[in-house]
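Below you'll find the structure, written out as structure tokens, and then a few comments.
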Amino acid sequence: MFKLAKMSLGNRALIALITIFAMVFGVITLGSLKQELIPSIEFPQITVVSAMPGASPAVVDKQVSEPLEAALNAVEGLESSTSTSRSGFSTINLSFTYGTNLDRARNQVDRAISTVGQSLPDGVSPQPVAGSINDFPIVFLAVSSDLDLAALNTELQRTGVPKLMKIDGVRSADVTGANSQHIEVLPEPAKLAAAGVNPGAIAKALENNGTLVPVGQLDTGGTTLSIQAGSPVDSLDAIKALPLAGSTARGAAPTIGSVASVALVDDPTTSITRTNGEPTLALSITKKPSGDTVSLSQQIGEVLPDIAAAMGNNTTFTTVLDQAPFIEKSIHDLTVEGLLGLGFAVVIILAFLMSVRSTLVTAISIPLSLLVTFIGLWATGYSLNILTLGALTIAIGRVVDDSIVVIENIKRHLSYGEDKKHAILTAIKEVAAAITASTLTTVAVFLPIAFVGSLAGELFRPFALTVTFALIASLLVSLTIVPVLAYWFLKSTPETQTKTATEERERSSRLQRGYLPILAKTQKHPVVTLIAGGLILVATLAMVPFLPTNLLGDTGQNSLSIEQVLPPGTSLEVTGEAARKVEDVLEGIDGVKDIQVSAGNASGGFTALLSSGASSASFQVITDPDADQVALQDRVRAAVSEIKDAGDISLSSQGGGFGMSNTVDVIIKSTTGEELQQASDTLVQAMTGLPGAQSVTSN
């Protein structure tokens, strides 16, 4: 390391160019880093969701869940699988070992689904959803207008979704909440008899029409034209006009419209979505892995007014979830804390070194080390998030240590009247080994976290590498750039005093006069000193159980979720009415801005993963960001607990904008429904008395 410092001092112009390059490139990479709330995590999970409207849980389990799970168990790397069958809905969760190539696993899941697809009931289309943070919506909107939901869905798919998909970085824009539709043809027996046809003639007419059939080619004028017969059936009028064969009545051939009623009707309702009491559609927007969450959210917010204006009919977009504000607030708060730490560090350095020049040389090492760290983050593909920024905040106090040691020792040797270059090299030679050992020791504490597996490794690897980048950068800066800056900016002391006199003056400083007596007493009574240190350590460890623990905390998020569970078998209509009671109570609480309730089984998209059956409802409550979130949650919890005849209601605050709630799921497997219910009742009774359990529900 001393040779590195010697080379730097001998190539000062090169070091200056490298410093300028690091600063410029660091600023550029800082502006290009993605902004996220937490690091992008790919959970080793794939969920396969299937909708079978109208089917009972037993039928769904027998005809959908069982054959699907049997086929999916052959997927390579599968660790475990669990299936849940509800009325009209099947969910199969596949868990893989960490390190599994999920892209390959997805392909195998798709092949397994296509293999078993022929044995599934008609209309059942399983949809695999991978467990990545990027699969969660960056923006989740509720859409309402004067149109009915089916017409609104058509207009939104025609006007809104294409504009959103044109935004660079948007991966998908899924619309859910509208009933699908089908064409209903109801034969009228009297008209069939009068026309002399049977109902089978309608089926044959529909089968034999509506397709284009190639009938040959026509060569004309050096051009070959394809000839096809038939015309597509693209409207109700076209269906009504289809002729029926086999009529025994005289006159013109009857048509479908003359013997049957033809209408476009909605499929049976399987889910309810309301926002602030009004039926709405759900629009979830996800990003590509390379997309910047904050930038995309801003672009989406800019285009929504244009979409609403183009759609007309008082179309309104209500934001239910937007990751960007939480990310911006977290980054802003951590940035402010980091700048305060930088400012206080400079003030402390100035107070102890008592030299403006030395302080400036030392202070340069902090932003320079951080800019080099940003280059490291960019090179490794990591983003600015609460963990990497937290690591930078921690590193600010540490990156300056090496430079302080170097500059203080250089200043001391210069005060002896030594030649500037000789003083700098001598000072660095004395401390190079010490600061290198100190820095590498700290790196040895953080770096191993980067090699931890499972979720902890995925989450905290960017944190560990950020600290490592910052510490290595600070060491290199202190041994290369700081000596050059000291050569340029620090002044040599004239040889008017001897080295002994200078050292004597240092020992007589106020700091030394206050510290040396304490040091002498601790050296004189080592046993007492060690016992005191041990007692402090024990007292510190004793306070650990009193510290609250959480994965990511609430990150200042102004939202909370409420789950409402009614007895199994409750109809969707009854669940909707019970949910209305909760909505009415929430609307009267000061600080609650928007309320979205979802009940039943969504047919697809992100909301399908959140579906929990017709007998339960989930609420997403958006609160005033300026309100006291903890106090507001307490008021909401107290208010909903007083609601009667509305099932079991539980509240959970969310962290990170991804629905990470303070709940625990327990899965019970049993051979019969009676055994399952008995085991569930026993478990609920046992868990109700657990410390910290606010509510225990069975679904």
**Q.** Dimensionless Rg over Rh [the chain; C-alpha; Kirkwood]
**A.** 1.12
Q | Nonlocal amide H pairs with residue 242, under 5 Å, H built at 1.01 Å | A | 256, 257
**Q.** Local electrostatic count, residue 576, Cβ distance below 12 Å [Lys/Arg +1, Asp/Glu -1]
**A.** 0
Q) Hey, what number do you get for the chain at 222 nm if only DSSP H runs of n ≥ 4 count, each worth -39500 (n - 2.57), divided across all residues, to the nearest 500? A) -16500 deg cm²/dmol
**Q.** Inverse mean reciprocal Cα-Cα distance (Kirkwood Rh) of segment 285-416, Å
**A.** 18.2
**Q.** Mean projected area in nm² (Cα convex hull; one quarter of hull surface) for segment 72-129
**A.** 4.2
Q) Can you list the HN-Hα couplings for segment 563-576, worked out from phi with the Karplus curve (6.51, -1.76, 1.60; θ = phi - 60°), rounded to whole Hz and with x for Gly and Pro? A) 10, 10, 10, 9, x, x, x, 4, 6, 5, 5, 5, 4, x
(Q) Would you report the distance distribution of C-alpha pairs in segment 1-134 as whole percents per 10 angstrom bin, up to the bin with the largest distance? (A) 11, 29, 18, 11, 10, 10, 8, 4, 0
Q) Helix 510-524 versus the longest principal axis of the chain: what angle, 0 to 90°, nearest 10, using Cα atoms? A) 90
Q: For segment 55-153, state the average projected area of the convex hull of the C-alpha atoms over all orientations, rounded to one decimal in nm².
A: 8.3
Q.
Net charge around residue 385, counting only other residues with Cβ within less than 9 Å of its Cβ (Lys, Arg = +1; Asp, Glu = -1)?
A. 0
Q: Enter the Cα centre distance for the pair segment 273-304 and segment 524-545, rounded to the nearest angstrom.
A: 54
Q: Name the longest site-free stretch of the chain, where the excluded sites are GluC sites (Glu not before Pro) in a DSSP loop with no more than 12 other beta-carbon atoms within 10 Å.
A: 77-494
Q: Report the percentage of all Cα-Cα pairs in segment 218-285 whose separation exceeds 16 Å, rounded to a whole percent.
A: 73
(Q) Just to verify a number: what accessible area does residue 543 come out at with the full protein assembly present, 1.4 Å probe, Å² rounded to tens? (A) 110
Q: Please report the base-10 log of the normalised intensity I(q)/I(0) for segment 108-219, using a Debye sum with one equal scatterer per alpha carbon and no solvent, at each q in 0.19, 0.20 (1/Å).
A: -1.15, -1.17
Q: Could you tell me the largest-minus-smallest coordinate of the C-alpha atoms of segment 335-389 on each of the three principal axes, in descending order and whole angstroms?
A: 41, 20, 11
**Q.** Qualifying lysines (Cα of each under 17 Å from Cα of residue 62; at least 8 residues distant if same chain)
**A.** 669
**Q.** Angle between the chain longest axis and helix 102-116 axis [Cα atoms, degrees, rounded to 10]
**A.** 10
Q) How high is the relative contact order of the chain, in percent, with contacts defined as C-alpha pairs under 8 Å that are six or more residues apart? A) 16
Q: Whenever you get a sec, compute what percent of the accessible area on segment 22-63 sits on carbon and sulfur atoms (1.4 Å probe).
A: 65
Q: Between beta-carbons, use under 11 Å as the cut-off and find the net charge around residue 258, counting Lys and Arg +1, Asp and Glu -1.
A: +1
Q: Determine the relative contact order of segment 124-217: mean sequence separation of Cα pairs under 8 Å and six or more apart, normalised by residue count, in whole percent.
A: 17
**Q.** Too-long pairs where the Cα-Cα distance tops 30 Å, listed order kept, from 593/644; 3/411; 6/524; 163/593; 288/329
**A.** 6/524
Q | Between helix 293-311 and the chain: long-axis angle, C-alpha atoms, 0 to 90°, nearest 10 | A | 30
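Under a point-charge model restricted to the Cβ atoms of Lys and Arg (+1) and Asp and Glu (-1), what is the dipole moment magnitude of the chain relative to its Cα centre, in debye to the nearest 20?
3540
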**Q.** Partner aspartates and glutamates for residue 420 [C-alpha distance under 17 Å; skip if fewer than 8 residues away on the same chain]
**A.** 408, 430, 495
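Could you compute how fast segment 175-308 diffuses translationally, taking Rh as the Kirkwood radius over C-alpha pairs and applying Stokes-Einstein at 4 °C with viscosity 1.567 mPa s? Give it in µm² per second.
Numbers: Rh = 20.1 Å.
Rounded, D is 64 µm²/s.
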Q. By a straight-distance test (C-alpha under 25 Å), which lysines pair with residue 240 as possible cross-link partners, with residues fewer than eight away in the same chain excluded?
A. 191, 204
Q: Could you pull the Cα extents of segment 226-370 along its three principal axes, largest to smallest, in whole Å?
A: 114, 49, 28
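The values are calculated or read from the model by the stated rules, or taken from the named source; none is laboratory data. Predicted model only: the values in this text are computed from it and were never measured. As a convention, Cβ positions derive from the backbone with ideal geometry for all residues, glycine included, and neighbour counts pool all protein chains shown. Only protein heavy atoms, including side chains, enter the accessible area calculation; ligands, DNA and RNA are left aside. Shrake-Rupley method; radii C 1.70, N 1.55, O 1.52, S 1.80 Å.
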